[in-house]
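*Asks:* Could you have a look at this structure, given as structure tokens, before my questions?
The values are calculated or read from the model by the stated rules, or taken from the named source; none is laboratory data. Note that the structure is predicted; figures quoted are calculated from it, not measured. Every residue, glycine among them, receives a Cβ derived from its backbone with ideal geometry; neighbour counts consider all protein chains shown.
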Amino acid sequence: MHYIRSMPALPFRTLAPWLRASFGRPIHRVALDAGSTCPNRDGSKGFGGCVYCDVEGSGTGALRDGVDLGHQLETGLARIQRRQRAGDPPLGAIAYFQSYTNTYVSTQRLVQTLDVVRPFLSRGIVAVSLATRPDCLPEEALDALSALGEHVPIWVELGLEVADDQRLIDIGRMHTVAEFFEAVERVHARGFLSVGHAILGLPGDGREGARATAQALAQAGCSGVKVHHLMVLKRTQLAARWKRGEVEVLEPETYVDWLADFVERLHPDQVLHRITGDAPLENRLAPHWQVHKSAVRELLSQELQARGTHQGSRVAPGVLPPPPLVLPKNLHHPQP
Ligand code: SF4
């Protein structure tokens, strides 16, 4: 059976086809909570977190709810394997450490966390992805990741959000653009892939800001990019500002327009892991519109086609392609 469904070519690069091409099979994601915290909440860098971040730190909350990491992996893989159809190649999964700042733990704790993943490398985990902050990547953490990286590709997700130091101060990120660039460089030096995050429509950041952030992510050479529109969530600092009428959010048409600008300025080889936000409506104060990611993909495609442009058509001269995915020679080949 032919498992790669034919799709009309999009004028931008999305994750699922890239994963299929890279691993030779459909790849899904198992979101994990390793019980990390965040230096921007406990006072090491700041209190209260980034203005848009709710107290759950964008996490699954699984560990807090008593579900240990091994169990999270078992459950996630079982869920994915239920989708397996007879005759198709075995499905694979990315172990995705999503919640909070995953390298903001002792080296010993990080090693223990990564050790939980190891037995699953022969059971369908084909990559490990960790979300963290650009200012939370000590060499010891990179060493721990390198040890695991001998057996499985490692991706490090780093929040840039906006390529403007003043805006970063305004939104309470407590790191600089330069720190982001330095972190990406150190990630690449270890042979890992990097994924950069961006938010369009942050307070004080307009269309030009969206373009500049895309240029920065292209310049940094992030292999992957996650971008979404600003959402005002309950239990955030932004919520109070929004209630006072101090924060505006983007309408869907404006977002798609800015997103098209953004995508045009990326390198054509960068992979878009996400192009919209999906915070549940019950947690969200604004915007009230909810456009499914497939609809955003379609709207973006239409906008770029109407402009006669595509991803990378306005990339700055001299921007190099991101480093390619190199599969470790000790990579396990999971069986169904
Ligand atoms: S967005 Fe990330 S860095 Fe900012 S407060 Fe939330 S968990 Fe911490």
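*Asks:* Please go through (1) modelled with pLDDT of 85 or more; (2) closer than 17 Å to Arg274 by Cβ for Arg41 and return the number of the only condition it doesn't satisfy.
*Replies:* In the conditions (1) modelled with pLDDT of 85 or more; (2) closer than 17 Å to Arg274 by Cβ, Arg41 misses (2) alone.
*Asks:* I've got another one for you. Could you count how many residues in segment 262-294 are farther than 22 Å from Glu157 by Cα and touching a Ser or Thr at 6+ places or on another chain (Cβ under 9 Å)?
*Replies:* Of the residues in that region, 3 qualify.
*Asks:* Looking at the structure I just gave you, is Ala279 surrounded by fewer than 20 Cβ atoms within 10 Å (Cβ to Cβ) and closer than 20 Å to Thr236 by Cα?
*Replies:* yes
*Asks:* For segment 124-145, what are the residues that are under 20 Å from Ala31 (Cα atoms) and touching an Asp or Glu at 6+ places or on another chain (Cβ under 9 Å)?
*Replies:* Selection gives Ser129, Leu130, Ala131, Thr132, Arg133.
*Asks:* Also: So, in segment 160-169, how many residues would count as being within 14 Å of the ligand (Cβ to nearest atom) and free of Cβ contacts under 8 Å to residues at least 40 places away in the same chain?
*Replies:* Residues that pass the stated criteria total 2.
*Asks:* Turning to a different aspect of this structure: I need every pair where a residue in segment 233-244 that is aromatic (Phe, Trp, Tyr) has its Cβ under 7 Å from the Cβ of a residue that is in a helix (DSSP H, G or I), sequence separation at least 6 or different chains.
*Replies:* none
*Asks:* Another question, then. Just wondering, is there one or more residues in segment 155-178 that are at pLDDT 95 or above, part of a helix (DSSP H, G or I) and more than 24 Å from Ala218 (Cβ to Cβ)?
*Replies:* No: segment 155-178 contains no residue that is at pLDDT 95 or above, part of a helix (DSSP H, G or I) and more than 24 Å from Ala218 (Cβ to Cβ).
*Asks:* Further question on the same structure: Within the bounds of segment 239-261, is there any residue that is at pLDDT 95 or above, within 17 Å of Gly159 (Cβ to Cβ) and crowded, with 24+ Cβ neighbours inside 10 Å?
*Replies:* No, segment 239-261 contains no residue that is at pLDDT 95 or above, within 17 Å of Gly159 (Cβ to Cβ) and crowded, with 24+ Cβ neighbours inside 10 Å.
*Asks:* Here's another thing I want to ask about it. Considering (1) over 20 Å from Val227 (Cβ atoms); (2) within 14 Å of the ligand (Cβ to nearest atom), say which one Gly191 fails and leave the rest.
*Replies:* (2)
Yes/no matrix, rows are residues, columns are (1) surrounded by fewer than 22 Cβ atoms within 10 Å (Cβ to Cβ); (2) away from the ligand (no atom under 16 Å from the Cβ); (3) more than 14 Å from Val156 (Cβ to Cβ):
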site	(1), (2), (3)
Thr107	yes, yes, yes
Gln112	yes, yes, yes
Leu121	yes, yes, yes
Val126	no, yes, yes
Pro134	no, no, no
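*Asks:* Looking at segment 48-63, which of its residues are modelled with pLDDT under 70 and within 14 Å of the ligand (Cβ to nearest atom)?
*Replies:* Listed by number, the residues that qualify are Glu56, Gly57, Ser58, Gly59, Thr60, Gly61.
*Asks:* If I ask for residues that are surrounded by 23 or more Cβ atoms within 10 Å (Cβ to Cβ) and within 16 Å of the ligand (Cβ to nearest atom), which ones from segment 84-100 would you list?
*Replies:* Phe97, Ser99, Tyr100 - these are the residues of segment 84-100 that are surrounded by 23 or more Cβ atoms within 10 Å (Cβ to Cβ) and within 16 Å of the ligand (Cβ to nearest atom).
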